[in-house]
Amino acid sequence: EDKVVQSPLSLVVHEGDTVTLNCSYEVTNFRSLLWYKQEKKAPTFLFMLTSSGIEKKSGRLSSILDKKELFSILNITATQTGDSAIYLCAGGSSNTGKLIFGQGTTLQVKP
Amino acid sequence: GAGVSQSPSNKVTEKGKDVELRCDPISGHTALYWYRQSLGQGLEFLIYFQGNSAPDKSGLPSDRFSAERTGGSVSTLTIQRTQQEDSAVYLCASSLGLAGLYEQYFGPGTRLTVT
């Protein structure tokens, strides 16, 4: 059965800290690993990773995929209170339309 | 252009009643997805539509749940004889193609409360 597992489930840090969020996956015919940020209701897209070892970066956020060990990490440097959210990762298959989501990591950044 | 829209934003219903949730995808997006998110949980896949292909209904939790997509655009998720465990946020997403290949854009969701 396909599954995606995220860790930790929750995290509390202070502004300026660096955090690393983990995502491991088992997805049949794996095609891509996606990261989303969910602040209120609608998740917003962060990254889509398809190739191993190539870091994707957007401002203070970066992510990388390891297709051999079947995991991805999301790094956030110099955290701000606005980074407080649920971070979701999802695995996508090349032959179905489903995304398999992990349970999410709830990040709280304190001032 | 406009993003994915959903209505209503909140719905409170009594146990046993039927509800309809609506999703308007981004124009031109051929794929449309429904997910359910219970409190503190990740997203649970329900159903997706891709172009004119038969929908993938493999995530629907029971035969009380059904969905249709008219004219390749608007979709309606119907829950019959609602139960308290149906209480959740129902999210719709659309994309240019299969979710593993294209980014999904999510709507704001409908929060369903069954009393």
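The values are calculated or read from the model by the stated rules, or taken from the named source; none is laboratory data. Values in this document were obtained by computation on a predicted structure and should not be read as measured data. Please note: Cβ atoms are built from the backbone with ideal geometry, for glycine as well, and neighbour counts cover all protein chains shown. To get the accessible areas, we keep the full protein, side chains included, count just its heavy atoms, and leave off ligands, DNA and RNA. Shrake-Rupley method; radii C 1.70, N 1.55, O 1.52, S 1.80 Å.
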Of those in region A:24-65 that are in contact with a helix residue (DSSP H, G or I) (Cβ under 9 Å, 6 or more places away or on another chain) and part of a loop (DSSP other than H, G, I, E, B), the residue most open to solvent (accessible area, probe 1.4 Å) is A:GLU39
Scanning region A:85-106 residue by residue, those assigned to a strand (DSSP E or B), of a type in the set (S, T, N, Q) and open to solvent by 10 Å² or more (accessible area, probe 1.4 Å) turn out to be A:THR106
Within region B:29-63, restricting to residues that are open to solvent by 60 Å² or more (accessible area, probe 1.4 Å) and among the small types (Gly, Ala, Ser), the one that is farthest from the other protein chains (Cβ to nearest Cβ) is B:ALA54
Scanning region B:10-28 residue by residue, those exposed (fewer than 13 other Cβ atoms within 10 Å of the Cβ) and within 13 Å of chain A (Cβ to nearest Cβ) turn out to be B:ASN10
Reported set for region A:68-101 where residues are away from chain B (no Cβ under 14 Å) and within 30 Å of B:PRO55 (Cβ to Cβ) is A:LEU70, A:SER72
The residue that is farthest from B:THR110 (Cα to Cα), considering only those in region B:88-97 that are of a type in the set (Gly, Ala, Ser) and surrounded by 18 or more Cβ atoms within 10 Å (Cβ to Cβ), is B:SER95
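Residues that are in a loop (DSSP other than H, G, I, E, B) and closer than 21 Å to B:GLU103 by Cβ: does region A:66-84 have at least one?
yes
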